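Take a look at the structure below.
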């Protein structure tokens, strides 16, 4: 039994999606196929069924030649409350629950799963999944071409030959295929007579192969090398390799592991043919160009905080506090990256992105990164469909910004930003941390150490964020009270959402928790539940104002002469 992958080469190499969930489903299906098969191939086929500018839908099938399923068993297969087995047939024990979980995972990838099977004739499980397409793809002209090399592939398993052929086709090679090892020498002689000798021969050896003695493999490799100048690659399992190496001198044989992995095969071909792998990154020096960034957010605290982090990374930042302002900025200036807040009053980030994409039609596309205060798991597909390229959850930090800028700004020729150590910042805040530890400040409402951590250990930024939050508390509380009294829940929800966003950059854990809970209630239009919880928000706001009384925030963060 062996696992064979057949992947459509037209699928982009870099996709955006939940890789862990995708691997879990494939692993479960392959594990089931292995469990219920005693011979034959397990084929994994992946091809595109729909491809748009920013997303792609894939169809993945896992086929086996195992025991198969009756129609009645298939109908129960994805139900977690049914087992396939009866008291007299325990062969499929445990499968039902595993596949029920697969069904849930596939649905969360906006796909579906099904099975075609016949008793004693094997099964084919098929599922679909939707992914975003990353714009940073390998350039075709940088890939190694094997068009000038002649390759012979030999093997009895048709599916294995097809896998090797597809992979070689991807690198512009058109190999010749033969099914029997005794046909290789006639093929070699004909090729030499035609003045087009083979450079490589790939011999596929099935895991249950017993007809090739180790000495034969070694002699074959030596004869191919000496008589025809052809290198032999044996594609086999690690156990076969140990067998061949232990009984004969097979030093002239190059081994390719089964199951065949794309990258490993590629590297092996480059090494065998002594050609340069042009897909490896170049380390040539490129002059540094400042990255231009448009930062869109309706919350002044978010704008100030993220702008300071971006400016410290040697980028040029332009701010926009609404969707219409963002559109206007894009009409006036070309940006390398746009960071777009999702939830804004009036025109939200999704609508603003759609408008920007309309403006860009026929022009170079700008990467747009979504900024959201909530988990991106459920929103990701919607955001990619709307035209966004990536997502970040608030509060953002310097490392996340560096990663995203390096990932997307390189499309416009910008140098990567090195990931910097925070050791110097930590050293500069040692004295501040000591004063905080020795002080008797109440930490339940305001956590100064957390303020510093969220600001990447920048005392001035931490102070500004906390001051800005405190300065607006009284007014925001009154606005919420008025909106709730008039049952204007939309306005109350917008104020709470803005407050929740500001908490992300300050060490106010209690207020952040309560405002985040209320934000979700307002988004789900659970107004009665929000009314029941609103007093907790008022109490948290009052606690911060009480904490602030008679405190010098500049002194707390070590930013006054007397504190130095």
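Here, each number is a calculation from the coordinates, and none is a lab measurement. This one's a predicted model, so the numbers in the text were calculated from it and none came from an experiment. For neighbour counting, all protein chains shown are included, and Cβ atoms are generated from backbone atoms with ideal geometry for every residue, glycine included.
Just rank 209, 308, fewest to most, by other beta-carbon atoms within 10 angstrom.
With the sparsest Cβ surroundings first, the list reads 209, 308.
Fewest first, what order do 538, 198 take by the number of other Cβ atoms within 10 Å?
So the ranking, lowest neighbour count to highest, is 538, 198.
Could you work out the Kirkwood radius for the range 308-365, taking every pair of different alpha carbons, averaging 1/r and inverting it, reported in Å?
It works out to 12.2 Å.
Quick one: if the Förster radius is 45 Å, what FRET efficiency do residue 11 and residue 242 give, using the C-beta to C-beta distance and rounding to 0.05?
Efficiency for this residue pair is about 0.85.
At a Förster distance of 22 Å, what's the computed FRET efficiency of residue 20 paired with residue 76, Cβ-Cβ distance as r, to 0.05?
Efficiency computed from Cβ-Cβ geometry: 0.20.
Using label points projected 7 Å from each Cα along Cα→Cβ, tell me how many nm separate residue 351 and residue 53, to one decimal.
2.0
Give, to the nearest whole percent, the P(r) tail of the range 140-273 beyond 26 angstrom, counting all Cα pairs.
In whole percent, the long-distance tail amounts to 16.
Evaluate Rg over Rh across the range 494-564, taking Cα atoms for both radii and Kirkwood's formula for Rh.
On the Cα set of the range 494-564, Rg over Rh gives 1.13.
Full-extension gain between residue 177 and residue 27, please, as 0.36 nm times their residue separation minus the C-alpha to C-alpha distance.
50.9 nm
Counting other beta carbons within 10 Å of each Cβ, put 546, 306, 54 in order, fewest first.
The most exposed by this proxy come first: 546, 54, 306.
Multiply the residue gap between residue 491 and residue 365 by 0.36 nm, knock off their C-alpha separation, and tell me the result in nm, one decimal place.
Using 0.36 nm per residue and subtracting the Cα-Cα distance, I get 41.9 nm.
When the chain is fully extended, how far beyond the present Cα-Cα distance does residue 211 get from residue 45, taking 0.36 nm per residue of separation?
56.8 nm
Could you work out Rg/(2.2 N^0.38 Å) for the range 291-419, with Rg from alpha carbons only?
Relative to the rule-of-thumb radius for its length, the range 291-419 sits at 0.95.
Need one number: nm distance between label points at residue 104 and residue 328, each 7 Å from Cα along Cα→Cβ, rounded to one decimal.
That separation, rounded to one decimal, is 4.9 nm.
Tell me, what are the semi-axes, in whole angstrom and largest first, of the equivalent ellipsoid of the range 2-133 as set by the roots of 5 times the Cα gyration tensor eigenvalues?
Semi-axis lengths for the range 2-133 are 27, 16, 11 Å.
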